[in-house]
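This report refers to the structure that appears directly beneath it.
Readers should treat all values here as calculations from the given coordinates under stated rules, not as data from a laboratory. Everything quoted here is computed from the prediction, not taken from an experiment. Here the Cβ positions follow ideal geometry from the backbone for every residue, glycine too, while neighbour counts run over all protein chains shown.
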Amino acid sequence: MLKNRVLQFLNRRGVIEVISLCVAILIWEMVAVFVIKDKGILPSPHAVFLAYFELFDLIPLDICTSLLHFAIGLGAGAVVGITLGMLMGWFRTANRALDAIIEVLRPIPPLAWIPFAIIWIGLTHSAAGFIVFIGAVFPILINTYTGFREVDKTYIDAAKVLGCEKESKLIRLVAIPFSLPYIATGIRVGMGVGWMCLVAAEYFGVSRYGLGYRLLCIFFPLQMMDRVVAYMILLGLIALVLDRVFRYFVDERLLKWKKGMVTQ
């Protein structure tokens, strides 16, 4: 009886997650305090927790600045990636013209574009957004291209039979709805890559605020490792929130029709 109650308790939503998180924090605390014994190498969880109180005034400004850079880059990446992906996936000529260029540019690491971001745009918010854009645009483009290439010819033929003859109507009424899951996946992957590029994008001092700027240009040179870890955790938590919000919007709003019938 007791065993069944314990199993029921553990099966409740979020219980196992909370327990595993607490165990991980406890292990971290023990290793930091009793094994490493040097907060310059591994700060303990309670030191990191206290760092948040010390940084209370700076954190909101840094978050807002980083979200601005991220929004600039992701927005531009979505517009360019979706547009080029649609053209390359639907029109064979466009694919032949752009494929080689895309495949040459795609493997270049986003960090390699930092010198050009500074030269072309200067030390501005848009320069940081440009690096995020480089990281986000290619996953969005590739997934959009795949979605348009995978459109079933049966759907196209059926639309033509029903009177949808114009290319623009086929794209709007057939190709785009079919490709939405692919596009959503591309944006989600692009969000992850773009967010990882954000720290490096802010490293070269486009602003006096920002999570990446504070972490690499202020805390790390001064060996404030408790604050470094605090901002690392903050980066992970914000990325988690952004991903959950995006998934909720896509699953519950945009692609709600994919859930189908719910079995009673």
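Assorted remarks:
- Normalised by the number of residues in the chain, the average gap of Cα pairs under 8 Å and 6 or more apart makes the relative contact order 24 percent.
- Note on the chain: the alpha carbon radius of gyration divided by the globular reference 2.2 N^0.38 Å gives 1.28.
- Among the trypsin sites (Lys or Arg not before Pro) found in the range 197-256, those both in a DSSP coil and sparsely packed, with 15 or fewer other Cβ atoms within 10 Å of their Cβ, are 208.
- Between 79, 199, 229, the residue with the greatest mean-square fluctuation in the GNM of the chain (Cα pairs under 10 Å linked by springs) is 79.
- Total lysine pairs in the chain at Cα distances under 26 Å, for residues eight or more apart or on different chains: 9.
- Averaging over all projection directions, the Cα-based convex hull of the range 83-211 occupies 8.8 nm² in the image plane.
- Label-to-label distance for residue 19 and residue 168 is 6.0 nm, based on points extended 7 Å past Cα in the beta-carbon direction.
- Over the chain: helical MRE at 222 nm, DSSP H runs n ≥ 4 each giving -39500 (n - 2.57), nearest 500: -22500 deg cm²/dmol
- Residue-wise HN-Hα coupling along the range 103-117, computed from phi with Karplus coefficients 6.51, -1.76, 1.60 (Hz; x: Gly, Pro): 5, 6, 7, 4, x, 5, x, x, 5, 5, 8, 4, x, 6, 4
- Label sites at residue 248 and residue 160, each approximated as a point 7 angstrom past Cα along Cα to Cβ, lie 4.4 nm apart.
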